[in-house]
Amino acid sequence: PPARALDSYATKLRAAYAARVAAAKRWGLAKVPLQAPPAPAHKPEITARKGFEVDDQEELNLPPVFTTIPTKQKIVFLTIDDGEEKDPAFLRMMSDLKIPYTAFLSNYLVKDDYGYFRKMQAQGHTINNHTLTHPYLPGLSYAEQKREICGMQDIMKKQFGKAPTLFRPPYGNYNHDTLVAAKSCGIKYAPIWDEEVFVDHWEYREDDRSLHPGDIVLTHFRGRADWKGTMVDDMRRFLGKVTAEGYAVARLEDYL
C-alpha cells in the first residue's frame, strides 16, 4: 500500500506538471511558471518599512506600510490596482496557470461590473480596499480620508461578503491621518510595492533595479486604451521575468 500510494502521488504530480506545461504553451509563455512553496507554518512579523513610518506608528499600533515580505525564499507577490479594465482573458489565463494575486479596488472604476470581481474572488483571489475615488489622501482632512476608506469597506462588505483587512493608499501616498483612519475602518496592513510592471517595461524602487525575495510587485487593471497591449500581455512580461530569474509567485495573504 505505501508503494501504491507513492506511485499515485507521483502520477498526480506528473499530471499537474503536464497541465502547467500545456497552460504555459497555450498562453505564450517561454517557460513554465515555478510553483510557490507551501504557506509558512509561522507567519513572519510584518512591520513598517524603515523610513515609511508615521508618528506614533508603534504606540498606536497603526497598519504598517511595507514593500517586501521578510523571507529568504525566492518568491514575489503580484498585486493589481484600481479595476478599470475587466478582461475575461486575464481571468482565464491566471486560472489556467494557477497564479495567485491580490487586487486593490477603487469603487468608481469597479461599480459598473462588480460581477467581474466576484468571479475573481470565486477563483480564490483576495480583493481589497483602494478607496472610493482614488484621491491623493494627504491632501484631504481626516474625516474625508475616513469617508474614502470606510466607505469602500462598506461597499466591499455589501458586494463581496466581507470587509478586507488590507488597504493600499492611492499612488502609495499617505500620512498619519491615513493610517489612523484606516485602522478605525478595520484595516490591519497597508502594503505598497517595490517594483511595478507595465506591458513594455518595469520600474524599480531600489537603486539596484532588481527583484528581491519577498518583493511586492504592482501592476494595474489596464488594457489597450492605456497601454500598448492587454492584461494578458502584461502578465506574459511579468511571468517571463520572474520565472527566468528563478522566482515563484506566492499568495500575499499566506504571509500576513
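Does Asp194 fit the bill of being under 14 Å from the mean Cα position of the chain (by Cα), open to solvent by less than 20 Å² (accessible area, probe 1.4 Å) and under 17 Å from Ile75 (Cβ atoms)? It would help to see each step written out before you state the result.
Numbers: under 14 Å from the mean Cα position of the chain (by Cα): yes; open to solvent by less than 20 Å² (accessible area, probe 1.4 Å): yes; under 17 Å from Ile75 (Cβ atoms): yes.
Yes, satisfied.
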Residues in segment 139-154: is at least one hydrophobic (A, V, I, L, M, F, W, C) and either touching a Leu at 6+ places or on another chain (Cβ under 9 Å) or modelled with pLDDT under 95 (or both)? yes
Here the residues within segment 33-52 that are hydrophobic (A, V, I, L, M, F, W, C), assigned to a loop (DSSP other than H, G, I, E, B) and under 30 Å from Asp96 (Cα atoms) are Ala36, Ala39, Ala41
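Open to solvent by 10 Å² or more (accessible area, probe 1.4 Å), closer than 27 Å to Glu148 by Cα and either touching a residue at least 24 places away in the same chain (Cβ under 8 Å) or among the charged types (D, E, K, R) (or both): does that describe Lys119?
Values: open to solvent by 10 Å² or more (accessible area, probe 1.4 Å): yes; closer than 27 Å to Glu148 by Cα: yes; either touching a residue at least 24 places away in the same chain (Cβ under 8 Å) or among the charged types (D, E, K, R) (or both): yes.
Against the criterion (open to solvent by 10 Å² or more (accessible area, probe 1.4 Å), closer than 27 Å to Glu148 by Cα and either touching a residue at least 24 places away in the same chain (Cβ under 8 Å) or among the charged types (D, E, K, R) (or both)), Lys119 qualifies.
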Among the residues in segment 146-158, are any loosely packed, with under 14 Cβ neighbours inside 10 Å and either among the hydrophobic types (A, V, I, L, M, F, W, C) or in contact (Cβ under 8 Å) with a residue 40 or more places away in the chain (or both)? no
So Arg237 clears everything in (1) under 15 Å from the mean Cα position of the chain (by Cα); (2) more than 24 Å from Leu109 (Cα to Cα) except one condition, right? Which one? (1)
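With the structure loaded, tell me whether Pro33 is within 20 Å of Val197 (Cα to Cα) and either open to solvent by 20 Å² or more (accessible area, probe 1.4 Å) or not hydrophobic (A, V, I, L, M, F, W, C) (or both) or whether it fails that test. Please lay out each step first, then the result.
On the way: within 20 Å of Val197 (Cα to Cα): yes; either open to solvent by 20 Å² or more (accessible area, probe 1.4 Å) or not hydrophobic (A, V, I, L, M, F, W, C) (or both): yes.
Judged against the criteria, Pro33 is a match.
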Within the set of pairs 6 or more residues apart or between chains, which connect a residue that is within 12 Å of Asn175 (Cα to Cα) inside segment 35-64 to a residue that is loosely packed, with under 13 Cβ neighbours inside 10 Å and among the charged types (D, E, K, R) with Cβ atoms less than 8 Å apart? Leu62/Asp56
Just give me the residues in segment 171-206 being touching a Ser or Thr at 6+ places or on another chain (Cβ under 6 Å) and part of a strand (DSSP E or B), in sequence order. Val197
Residue pairs, Cβ under 6 Å, 6 or more apart or interchain, first in segment 240-256 and under 11 Å from Ala36 (Cβ atoms), second open to solvent by 30 Å² or more (accessible area, probe 1.4 Å) and of a type in the set (Lys, Arg). List them. Tyr247/Lys74; Tyr255/Lys43
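Determine, yes or no, whether Met120 is within 22 Å of Leu239 (Cα to Cα) and either touching an Asp or Glu at 6+ places or on another chain (Cβ under 8 Å) or in a helix (DSSP H, G or I) (or both).
Details: within 22 Å of Leu239 (Cα to Cα): yes; either touching an Asp or Glu at 6+ places or on another chain (Cβ under 8 Å) or in a helix (DSSP H, G or I) (or both): yes.
When the stated conditions are applied, Met120 passes them.
Out of segment 63-90, which residues are open to solvent by 10 Å² or more (accessible area, probe 1.4 Å) and not in a strand (DSSP E or B)? Before you say what the answer is, go through the steps one by one.
If we filter segment 63-90 for residues that are open to solvent by 10 Å² or more (accessible area, probe 1.4 Å), which is where we start, we get 64, 68, 70-74, 84-89.
Answer for segment 63-90, where residues must be open to solvent by 10 Å² or more (accessible area, probe 1.4 Å) and not in a strand (DSSP E or B): Pro64, Pro70, Thr71, Lys72, Gln73, Lys74, Glu84, Glu85, Lys86, Asp87, Pro88, Ala89.
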Residue count for segment 1-27, restricted to those that are surrounded by fewer than 13 Cβ atoms within 10 Å (Cβ to Cβ) and in contact (Cβ under 8 Å) with a residue 12 or more places away in the chain: 2
Looking at Ala163 and the list (1) farther than 16 Å from Phe77 by Cβ; (2) surrounded by fewer than 17 Cβ atoms within 10 Å (Cβ to Cβ); (3) small (Gly, Ala, Ser), which single condition is not satisfied? (2)
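Give me the residue from segment 207-219 that is touching a Ser or Thr at 6+ places or on another chain (Cβ under 9 Å) and either assigned to a helix (DSSP H, G or I) or open to solvent by 10 Å² or more (accessible area, probe 1.4 Å) (or both) and, out of that set, farthest from Leu256 (Cα to Cα). So that I can check it myself, show each step before the final result.
At the first step, the residues of segment 207-219 found to be touching a Ser or Thr at 6+ places or on another chain (Cβ under 9 Å) are 212-219.
Checking the rest, the ones that are also either assigned to a helix (DSSP H, G or I) or open to solvent by 10 Å² or more (accessible area, probe 1.4 Å) (or both) come to 212-213.
On the way: His212: 18, Pro213: 16 Å.
Ranking the candidates gives His212 first.
The values are calculated or read from the model by the stated rules, or taken from the named source; none is laboratory data. Worth saying up front: this structure is predicted, and the values here are computed from it rather than measured. Cβ atoms come from the backbone with ideal geometry, glycine included; neighbour counts cover every protein chain shown. Surface areas here come from the heavy atoms of the whole protein model, side chains and all, with no ligands, DNA or RNA. Shrake-Rupley method; radii C 1.70, N 1.55, O 1.52, S 1.80 Å.
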